[in-house]
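Since the structure comes first, as structure tokens, the remarks are kept for the end.
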Amino acid sequence: MDYLLMFIFFIPSIESQRWSARQLSLQSGGNFTIPCHYDMKYIQHKKYWCYHAGGAFNYCKILAYENTTQDRVTVTDYPAQSLFTVTMRDLQSGDTGMYWCAVEIGGIFQPDVKEQFYITVKSDPDLSVLESSVSGQEGGNVSVQCLYSAGYQNEQKWWCRSKDQRCYTVGRTDTSQNSTVQTSDDGRKSFSVEMSGLQKSDAGWYWCKTGDLQAPVHLSVSDAPPATITNTVTTAVTSVSASEKTSTSEATSGSASITTETESAKDP
């Protein structure tokens, strides 16, 4: 008796892949930059950004490789930080779809390492940030404002560090290494994040998150301003002046003494 063996392969739909990907809601005509992290062992491998409307990675079109600009896409590698960034400019509604950050491994049995992004481009995005790049000084503070649409008013909000995926719940005060993270939601259409006591280690990429959406923010931290030395200089000048006065007084006193001895010598 012959048996008919049937193998059914489940191919995930783009909708199911969409929920497993980072989702970004972006403004038409605008630009965006996102971070793509990779393991240090892949520093020498090629990195790229690719797209496929149907959500099939095996058929995705490579839009740009590392350290190149192709059309509206720029990919820049930062080996020391084990990440590369992707920038897309002049977004159009036709750019909506599934994208991948990927590291080229090579070989049919060694698939490329990748991270999925589902991007929706619309005239009024559901989640955005007032400034996508902020900076502060060591020991200082910095503020970030995240804007959301009315449909996300009752959703939980988070502030997350991209490198280690550590998230801070909005409405609480937490400690990030040596800095303090305060988050608050105005209950209408924005929530804010304030980081104080900044350290150099706080620099890097973060995500504003609400519901299934995320928006990237880059934080840079510069050196603290040098301490003032005005008081020290004033004290030194005062000390020198006092020393000069003492020397002058001693010199005058010695001169008077010599004169007196001379006068006495004339008298037998």
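The values are calculated or read from the model by the stated rules, or taken from the named source; none is laboratory data. Keep in mind that this is a model prediction, so the values were computed, not measured. Heads up, the Cβs are rebuilt from the backbone with ideal geometry, glycines too, and the neighbour counts pull from every protein chain shown.
Here the stretch 163-216 is the region considered, the condition is being among the aromatic types (Phe, Trp, Tyr) and out of contact with any His (no Cβ under 8 Å at 6 or more places or on another chain), and the residue that is nearest to Tyr118 (Cα to Cα) is Trp207. For Asp164, work out the one condition from (1) part of a loop (DSSP other than H, G, I, E, B); (2) in contact with an Asp or Glu (Cβ under 6 Å, 6 or more places away or on another chain) it doesn't fulfil. The single condition Asp164 does not satisfy is (2). Pairing each residue of the stretch 90-118 that is of a type in the set (D, E, K, R) with any residue that is at pLDDT below 95 and assigned to a strand (DSSP E or B), provided the two are 6+ apart or on different chains, yields C-beta distances under 8 Å for Glu115/Arg22.
Quick grid of which residues meet (1) part of a helix (DSSP H, G or I); (2) in contact with a Phe, Trp or Tyr (Cβ under 6 Å, 6 or more places away or on another chain); (3) in the same structural domain as Pro216 (by TED's automatic domain parsing); (4) modelled with pLDDT under 95:
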position: Cys50; (1), (2), (3), (4): no, yes, no, no
position: Thr69; (1), (2), (3), (4): no, no, no, no
position: Thr74; (1), (2), (3), (4): no, no, no, no
position: Ala102; (1), (2), (3), (4): no, yes, no, no
position: Pro111; (1), (2), (3), (4): no, no, no, yes
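Taking Ser149, is it among the hydroxyl-bearing types (Ser, Thr, Tyr), surrounded by 14 or more Cβ atoms within 10 Å (Cβ to Cβ), touching a Lys or Arg at 6+ places or on another chain (Cβ under 8 Å) and at negative phi? Considered against the rule, which asks whether it is among the hydroxyl-bearing types (Ser, Thr, Tyr), surrounded by 14 or more Cβ atoms within 10 Å (Cβ to Cβ), touching a Lys or Arg at 6+ places or on another chain (Cβ under 8 Å) and at negative phi, Ser149 comes out as yes. So which of Ser249, Ser201 is of a type in the set (Ser, Thr, Tyr), at pLDDT 85 or above, surrounded by 10 or more Cβ atoms within 10 Å (Cβ to Cβ) and not assigned by TED's automatic domain parsing to the domain that holds Gly30? Within the list Ser249, Ser201, the selection yields Ser201. Taken over the stretch 113-161, the criterion of being part of a helix (DSSP H, G or I) and of a type in the set (Ser, Thr, Tyr) is satisfied by Tyr152 alone.
Among all residues of the stretch 16-28, there is none that is among the aliphatic types (A, V, I, L, M) and surrounded by fewer than 16 Cβ atoms within 10 Å (Cβ to Cβ).
This table checks each residue for (1) modelled with pLDDT under 95; (2) closer than 26 Å to Arg22 by Cα; (3) polar (S, T, N, Q).
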residue	(1), (2), (3)
Tyr148	no, yes, no
Glu155	yes, yes, no
Arg166	yes, yes, no
Thr175	yes, yes, yes
Gln182	yes, yes, yes
Tyr206	no, yes, no
Pro225	yes, no, no
Thr228	yes, no, yes
